[in-house]
Amino acid sequence: MSSLSTLTPLTVKEPTPLRNRMRGGARYAPTLATLGLFIAMFAVGAGMYPSFLSGQVFLNLFIDNTFLIVLAVGMTFVILTGGIDLSVGAVVALSMMVSATLLQQGWNPATVIFLVLVIGGGLGLLMGLIIQYFDIQPFIVTLAGMFLARGLCYVISLDSIPVTEGFFTSVAQAQIPLSGDLFVSPGVLLALAIVAAAFFILHHTRFGRTVYAIGGNEHSAMLMGLPVTRTKVLVYALSGLCSAVAGVLFSFYSLSGYSLAAQGMELDAIAAVVIGGTLLTGGTGYVLGSVVGVLVLGIVQTFIAYDGTLSSWWTKIVIGGLLLVFILLQRLFARRTA
Amino acid sequence: MKSLMKNRLAWPVIALAALLLLNQIFRPDFLSLRMQDGHLYGSIIDIMRNGAPTILIALGMTLVIATRGIDLSVGAVVAIAGAASCAYIAASPEPASPVTAAMAVLIAVMAGLFLGLWNGFLVSTVGVQPIIATLVLMTAGRGIAQLITGGQIVSVSNDHYKSIGAGYLFTLPISILITAAVFVLAAVLTRRTALGTLVEAVGINPVASRLAGLRSRNIIWIVYVFSAVCAAIAGLMISSNVTAADANNAGLYIEMDAILAVVIGGTSLAGGRYTLAGTVIGAFIIQTLTTTVYTLGIPPEVTLVFKALVVITVCLLQAPKARNLLRSLKAAPKPGTKEKVAI
């Protein structure tokens, strides 16, 4: 089996999951490499700019990327099953538009947030059902979902809608003090709670085990009697729900709704997941790795902000370069341990 | 009639005809063409002209998808090609001369060639999954385009360059002629030689085709280069039509439109059998949709919702599971009649 796979660089699906072929620590290697890269980048930053080495710079990485962390969590589930969700950025924008519009009309914030979560989860569920029951590629279905969600944004309004509602503004301005002058935003705590929940679900529940099994080999998972159909549908619902939460967090962060917001955020989420060591073929990866992936993307932006002379487009080029490096690393590990 | 319905192109053609008919009902002069100043005018011509870049990219995408691959980077290639050619024209000492325009075209095509080689290298030699391999360029590509233009929108004034996207030849827009030429070239190269069969073989079973002595690597390399060159030419059309290079918005989401065109046209994303004619029809459907939205007086902001619904409907109609469901519903009243499964 393994000798066959080394002969066939073209196979879309790995015949055996990489996870099983990696012994001991090797399976953590891509994620550890990401962590090492993050620490190295932080050290280089500290060497270049004295003010870089502060706890708040580190915490700001979380504060500025809460929504991306939540998106990456949902995306990790989807990618672990071997699927992909292109709709997340558009669902974030839709959640922001819906909450901004309803809040402007004087709705109760709790109702609004609940409604947004229902919309996001429902859209994800719908896409999952279509993918599973009509056997259409996730790529195409979530692409249509992206058009639908983005289109609904345009239908709601083409203009930016400010959020002036009391609860949202107070959450946006709230700072939770840690030791000394350090603080985090409430969104960070929520994002970390979601990460913890996702970690628990993936590693300590039957659902999580089924997710890994599907990504490893969907056919085997089905023959083993695992609830493949249900799990695959739920994974997209979960990603939709995470996108809605991310939308709410982004509303807290930006205090507005804009139909063009979060454009291309699905790519950032996918990049974070891949940089965090999850294989796009499914079956291998960790949700904590995706969080480190988001932090790496965040530190690239911080670097460019600190430097001041580099233009913003370098962010894209560096992220593309990092993606490349990690994909090549994954190939290398896959061959070595085969 | 039955054999006609079984043709793979039947559904896309019906969908396109229905869309055109809908337009004709709401705007009686829709299908009419008229001559003015020696140029052909009409809604159909507009649809073809506006759709030319999408068709071109979708043609390249068809061959990539036929090998079981996908090329997400075409939008970025569009931006890079437009940026490179406009930056060259803007910086040259004679920005209006035909030689400069020709050089700009050459630079754009070379850029496409190089980027296609890069994608092909990642997919065939390194063995990276196509969706990730091209994701790299999709992410980095727009950054590179912005690097070339310096973050500005570079506008140029070169009439020769402008004619690629906005000029006319033999009463027809040049962009349509270029697209038609590429279509004929691709069709002849893949259907009159063994190339098309080889592409399908790689898509159906890469291992078997390699064991059969087929150089799948070279085939894969060829399709990615073809796709990127098509995208580069489309980039020339888009930038010359507005005589400016916009690194951020040129060809934004065009990869999605192109992939949709391929799928609607009847080529499976699972690779294997492909149809170039179907892709062209698929691209026409997408472009006509946009026009229909205006004809019907639907507010333009609803376009995307409309598009999403049509995409899902067409994909559901083509999904084997949905067809089986329909067929079993139809066959239910008279059990015992066995129908051949049409694919």
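I'd like to check something: does region A:263-277 contain any residue that is modelled with pLDDT under 90 and surrounded by fewer than 18 Cβ atoms within 10 Å (Cβ to Cβ)?
For region A:263-277, residues modelled with pLDDT under 90 and surrounded by fewer than 18 Cβ atoms within 10 Å (Cβ to Cβ): present.
Picking from B:136, B:156, which residue would you name as being of a type in the set (Val, Ile, Thr), over 30 Å from residue A:327 (Cβ atoms) and either touching a helix residue (DSSP H, G or I) at 6+ places or on another chain (Cβ under 9 Å) or more than 14 Å from chain A (Cβ to nearest Cβ) (or both)?
Being of a type in the set (Val, Ile, Thr), over 30 Å from residue A:327 (Cβ atoms) and either touching a helix residue (DSSP H, G or I) at 6+ places or on another chain (Cβ under 9 Å) or more than 14 Å from chain A (Cβ to nearest Cβ) (or both) holds for just one of B:136, B:156, which is B:156.
Could you check, for region B:16-25, whether at least one of its residues is assigned to a helix (DSSP H, G or I) and small (Gly, Ala, Ser)?
Yes: one or more hits.
List the helices (runs of 4 or more DSSP H) that sit entirely inside region A:17-134 and contain at least 2 residues that are modelled with pLDDT of 85 or more.
Numbers: elements: A:18-21, A:29-48, A:55-63, A:66-80, A:88-104, A:109-133.
The qualifying helices (runs of 4 or more DSSP H) are A:29-48, A:55-63, A:66-80, A:88-104, A:109-133.
Name the pairs whose Cβ atoms lie under 8 Å apart, with the first residue in region B:305-317 and at the interface with chain A (Cβ under 7 Å from one of its Cβ atoms), the second among the charged types (D, E, K, R), and 6 or more positions between them or separate chains?
Going by the 8 Å Cβ cut-off, there are no qualifying pairs.
Residue-wise test of (1) touching a helix residue (DSSP H, G or I) at 6+ places or on another chain (Cβ under 7 Å); (2) assigned to a helix (DSSP H, G or I); (3) closer than 17 Å to residue B:267 by Cα.
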site: B:202; (1), (2), (3): yes, yes, yes
site: B:207; (1), (2), (3): no, yes, no
site: B:214; (1), (2), (3): yes, no, no
site: B:217; (1), (2), (3): yes, yes, no
site: B:221; (1), (2), (3): yes, yes, no
site: B:227; (1), (2), (3): yes, yes, yes
site: B:230; (1), (2), (3): yes, yes, no
site: B:235; (1), (2), (3): yes, yes, no
site: B:239; (1), (2), (3): yes, yes, no
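Residue A:66: of a type in the set (S, T, N, Q) and under 24 Å from residue A:194 (Cα atoms), yes or no? It would help to see each step written out before you state the result.
Details: of a type in the set (S, T, N, Q): yes; under 24 Å from residue A:194 (Cα atoms): yes.
Judged against the criteria, residue A:66 is a match.
If you take the residues in region B:124-155 that are part of a loop (DSSP other than H, G, I, E, B) and over 22 Å from the mean Cα position of the chain (by Cα), which one is surrounded by the most Cβ atoms within 10 Å (Cβ to Cβ)?
B:128
Among A:145, A:124, A:106, A:166, which is the only one that is in contact with a Gly (Cβ under 9 Å, 6 or more places away or on another chain) and away from chain B (no Cβ under 14 Å)? Before you say what the answer is, go through the steps one by one.
On the way: A:145 fails: away from chain B (no Cβ under 14 Å); A:106 fails: in contact with a Gly (Cβ under 9 Å, 6 or more places away or on another chain); A:166 fails: in contact with a Gly (Cβ under 9 Å, 6 or more places away or on another chain).
The unique qualifying residue is A:124.
Which condition breaks for residue A:140 when tested against (1) at pLDDT below 85; (2) within 14 Å of chain B (Cβ to nearest Cβ); (3) surrounded by fewer than 17 Cβ atoms within 10 Å (Cβ to Cβ)?
Result: residue A:140 fails condition (3) only.
Residues to consider are A:114, A:58, A:67; find the one that is crowded, with 24+ Cβ neighbours inside 10 Å, on the phi < 0 side of the Ramachandran plot and not polar (S, T, N, Q).
Answer to the selection: A:67.
When region B:178-190 is examined, which residues are found to be out of contact with any helix residue (DSSP H, G or I) (no Cβ under 8 Å at 6 or more places or on another chain) and not β-branched (Val, Ile, Thr)?
Passing the criteria: B:180, B:181, B:185.
The values are calculated or read from the model by the stated rules, or taken from the named source; none is laboratory data. Since this is a predicted model, take the numbers as computed values, not measurements. Backbone-built Cβ (ideal geometry, glycine too); neighbour counts: all protein chains shown.
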